[in-house]
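Worksheet for the structure shown next.
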Amino acid sequence: MKIPSVEQIREADQYTIKHEPISPIDLMERASGVYVEWFINKVKEDNKILICAGKGNNGGDGLAIARQLNDLKYDVSIIILNYTKNASDDFNINYSRLVESSNIKIIEINKIEDIPELSDFDIIIDALWGSGLSRPIEGFSAKLIEKINSSNKIIYAVDIPSGLHADKHFTSIKVKAHYVLSFEFPKLSFMMPENETYIKNWESRSIGILE
């Protein structure tokens, strides 16, 4: 089983983008399609889904997943966690696509008081932070994760539960995911006993990364 580091994953992504070739946003769209195909085999259309998206590329995945699920007639709402003013380029592209092509409800979180009740939803998809997370999560971002973890909802994570580093153990708050689909490769942190609470079930599926 291959378990690359964060840096090796980045290098593989860039190699694929250059040599397939494929644009970063099209690679994100493909990855999101793989996630949606996996997700709809587990979750029926009659569930109300909340996708929690950050401002980086993991959040961009979340927005693309929301749009694709909406196209399949799933009931989807989105939380966007504004922990930074600087969104990634691919997040911004997918945000524009989402707004132009759907009427999905978007809830912007700027402070603790903005965090909504989660009781109306059946499923939560965590797309807050991806494998490139480099520091512990704090402030109102941590409060949102606390609320997700205490919601008693089924939690799915995109690529990796938010708060986990791919290569090492963080002691700060993390999303307790029931199901994780990791893109292309599993992460080393999935194998660490300290993280057992946060990853109950995981799978990996190929998104066409060239090695």
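The values are calculated or read from the model by the stated rules, or taken from the named source; none is laboratory data. Note that this is a predicted model, so its numbers are computed, not measured. Cβ: placed from backbone, ideal geometry, glycine included. Neighbour counts: every protein chain shown. For the accessible areas, the whole protein counts, side chains as well, though only heavy atoms, and no ligand, DNA or RNA atoms are used. Shrake-Rupley method; radii C 1.70, N 1.55, O 1.52, S 1.80 Å.
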Complete set of residues in segment 13-48 that are over 28 Å from ILE155 (Cα atoms) and not acidic (Asp, Glu): GLN14, TYR15, THR16, ILE17, LYS18, HIS19, PRO21, ILE22, SER23
Of all residues making up segment 142-153, the number that are open to solvent by 20 Å² or more (accessible area, probe 1.4 Å) and touching an Asp or Glu at 6+ places or on another chain (Cβ under 8 Å): 1
SER189 vs. criteria of a type in the set (Ser, Thr, Tyr), within 15 Å of SER131 (Cα to Cα) and at pLDDT below 95: yes
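To keep it simple, each residue is scored yes or no on (1) open to solvent by 20 Å² or more (accessible area, probe 1.4 Å); (2) in a loop (DSSP other than H, G, I, E, B); (3) basic (Lys, Arg).
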{"site": "ILE155", "(1), (2), (3)": "no, no, no"}
{"site": "ILE160", "(1), (2), (3)": "no, yes, no"}
{"site": "LEU164", "(1), (2), (3)": "no, yes, no"}
{"site": "LYS168", "(1), (2), (3)": "yes, yes, yes"}
{"site": "SER172", "(1), (2), (3)": "yes, yes, no"}
{"site": "PRO186", "(1), (2), (3)": "no, yes, no"}
{"site": "SER189", "(1), (2), (3)": "no, no, no"}
{"site": "GLU196", "(1), (2), (3)": "yes, no, no"}
{"site": "GLU203", "(1), (2), (3)": "yes, no, no"}
Counted residues, segment 20-46 - those being open to solvent by 30 Å² or more (accessible area, probe 1.4 Å) and within 18 Å of VAL180 (Cβ to Cβ): 4
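If I ask for residues that are within 14 Å of ILE109 (Cβ to Cβ) and out of contact with any strand residue (DSSP E or B) (no Cβ under 7 Å at 6 or more places or on another chain), which ones from segment 141-166 would you list?
Start the filter on segment 141-166 by keeping residues that are within 14 Å of ILE109 (Cβ to Cβ), which leaves 141-148, 162.
Listed by number, the residues that qualify are ALA142, LYS143, ILE145, GLU146, LYS147.
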Residue within segment 130-137 that is part of a strand (DSSP E or B), open to solvent by less than 20 Å² (accessible area, probe 1.4 Å), in contact with a strand residue (DSSP E or B) (Cβ under 9 Å, 6 or more places away or on another chain) and in contact (Cβ under 8 Å) with a residue 40 or more places away in the chain present: no
Residue pairs meeting the criteria (Cβ under 8 Å; at least 6 apart or on separate chains; first free of Cβ contacts under 8 Å to residues at least 60 places away in the same chain and open to solvent by 30 Å² or more (accessible area, probe 1.4 Å), in segment 59-88; second aromatic (Phe, Trp, Tyr) and not in a loop (DSSP other than H, G, I, E, B)): TYR83/PHE140
